[in-house]
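Below you'll find the structure, written out as structure tokens, and then a few comments.
The values are calculated or read from the model by the stated rules, or taken from the named source; none is laboratory data. These numbers come from a predicted model, not from an experiment. Cβ sites come from the backbone with ideal geometry, for glycine too, and all protein chains shown count toward neighbours. Surface accessibility is based on the protein's heavy atoms, side chains included, excluding ligands, DNA and RNA. Shrake-Rupley method; radii C 1.70, N 1.55, O 1.52, S 1.80 Å.
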Amino acid sequence: MDKLLVIVGPTGVGKSKYSIELAKQLNGEIISGDAYQIYKAMSIGTAKITKEEMQGIPHYLVDELNFDHPYSVADFQRLARKHIETIISKGKLPIICGGTGLYIKAVLYDYVFEKEEVDEEYKAQLKNYSNEELYEQLRIIDAKSLETIHINNRQRVERALMIAHSGKLKSDIVDEQQHKLLYDATIIGLTLPREQLYEKINQRVNTMMETGLLSEIEQLLNTANKTNIEEVWNLQAMKGIGYKEWKNYFDKVATKEETIALIQKNSRNFAKRQYTWFNNQLEVNWINVTTKEETLKRALEIFKK
RNA sequence: GGUUCCAUAGCUCAGUCGGUAGAGCAAUGGAUUGAAAAUCCAUGUGUCGUUGGUUCAAUUCCAACUGGAACCA
């Protein structure tokens, strides 16, 4: 099995900084395991690493898509695996660094995403039913999938119906998998005491404002090739934290201060959800971030073990 | 200095005609297989400001004190 280093952790903990240091020491190249840093023109709000900060370390899946393009786990899985091979063929260590738990798990484990064509007509039809009706439909088609889907989670109920509609059942696809690691992956999680992390997150949002988050948003709205502004706000990329919150500001129903506070809160809530994922879905070796030297030393120890 | 009002969960407040209390927000835990920075689920013990008094029983009534607010001087 190919050796791999994975760096995870909540937003704001300092993953990028450590990934660079580790890449330098381990002769590695970095693949971003992140759902939003792939978008060009979305840099401040995604806390994207700058060219200078990269210090010449090659990065993949950063700045590769226009913000009106969709991006999914399946895309990430395919692209990341391709990049892993490329990096290994150069005799270097692939380092996945990011905060999107599902994406990272989908690469490391044998998640299978069948080829599928979206039946737009069927998809539109689903909108006509209530949550209860959709849930009952799914019970008939794929009862087993209900075990992990709550009736109110319409997004997932619809998705499971879509999967069934295009061929295999979601529960069958999952059952056929081994749920084993495909790589010799060392997963390192960077963490901070909750209060400290929240303080850092709040501060980071303030810094984003100082470095021009608002003008980044304005630019996105201006360059969007859409006649209807609502369509822009509905883009997948605009659902990101630090972006979606500005809709109310531009609609003049929220002040700038309220918007900033909301971004901070959503970021904190997100960090908590990330912990839930990393704690329960992946085998993470946690390192409490202290000084740079000590943290790096711990990371190298864990990797070499 | 005087009068009146307020003091209950991290915050804003409700409430108990005396039987130890509950909303919103925040927070916490969890689920997660093509939107995942998305979507969804669950969770409310707090010396009811302090000290006394009345009472079988006080967070509730009474008094003093402490802190705060408004008004009068």
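The residues of the range A:27-97 expose, per residue, 43 Å² of accessible area to a 1.4 Å probe.
Can you tell me the accessible area per residue over the range A:100-212, all protein chains present, probe 1.4 angstrom, in square angstrom? Each step should come with its number before you reach the end.
Numbers: 6770 Å² over 113 residues.
Roughly 60 Å² per residue, with all protein chains present.
From helices alone, chain A scores -15500 deg cm²/dmol at 222 nm; the rule is -39500 (n - 2.57) for each run of n ≥ 4 DSSP H residues, then divide by the residue total. For A:Asn285, nonlocal amide neighbours, meaning residues 5 or more places apart or on other chains whose placed amide H falls under 5 Å from its own, are A:Ile187, A:Ile188, A:Gly189. If the cut-off is a Cα-Cα distance under 14 Å, which aspartates and glutamates reach A:Lys123, setting aside same-chain residues fewer than 8 apart in sequence? Counting by Cα, and skipping residues close in sequence, A:Lys123 has these aspartates and glutamates nearby: A:Glu158.
Need one word for the range A:10-162: rounded, prolate or oblate. Basis is the Cα gyration tensor (sqrt eigenvalues a ≥ b ≥ c); a/c below 1.5 gives rounded, then a/b vs b/c decides. The partial results should precede the final answer.
Working: a/c = 2.57, a/b = 2.20, b/c = 1.17.
The shape class here is prolate.
Considering only A:Gly12, A:Asn153, A:Tyr129, the residue lying farthest towards the positive end of the dipole of chain A is A:Gly12, judged by Cα position with unit charges set on Cβ.
Listed by chain and number, the aspartates and glutamates whose alpha-carbon sits under 14 Å from that of A:Lys90, ignoring those within fewer than 8 places in the same chain, are A:Asp2, A:Glu29. Phi angles across the range A:141-147 convert, under the Karplus curve 6.51 cos²θ - 1.76 cosθ + 1.60 with θ = phi - 60°, into 3J(HN,Hα) values of 7, 8, 4, 5, 5, 5, 4 Hz, Gly and Pro given as x. Multiplying each eigenvalue of the alpha-carbon gyration tensor of chain A by 5 and taking the square root yields semi-axes of 32, 27, 19 Å, largest first, rounded to whole angstroms.
What order, most packed first, do the peptides A:182-193, A:141-152 have when packing is the mean number of other Cβ atoms within 10 Å of each residue? Could you put the intermediate results ahead of the total?
Details: A:182-193: 18.4, A:141-152: 14.2.
Averaged packing, sorted descending, gives the order A:182-193, A:141-152.
What's the carbon and sulfur percent of the range A:108-180's accessible surface, probe 1.4 angstrom, rounded to a whole number? Can you show the working numbers first?
Values: 2410 of 4960 Å².
Roughly 49 percent of what the probe reaches on the range A:108-180 is carbon or sulfur.
Using C-alpha pairs under 8 Å with a sequence gap of at least 6, the mean separation divided by the residue count of chain A gives a relative contact order of 28 percent.
Averaging Cα coordinates gives a centre for the range A:156-182 and one for the range A:12-89; these two points are 28 Å apart.
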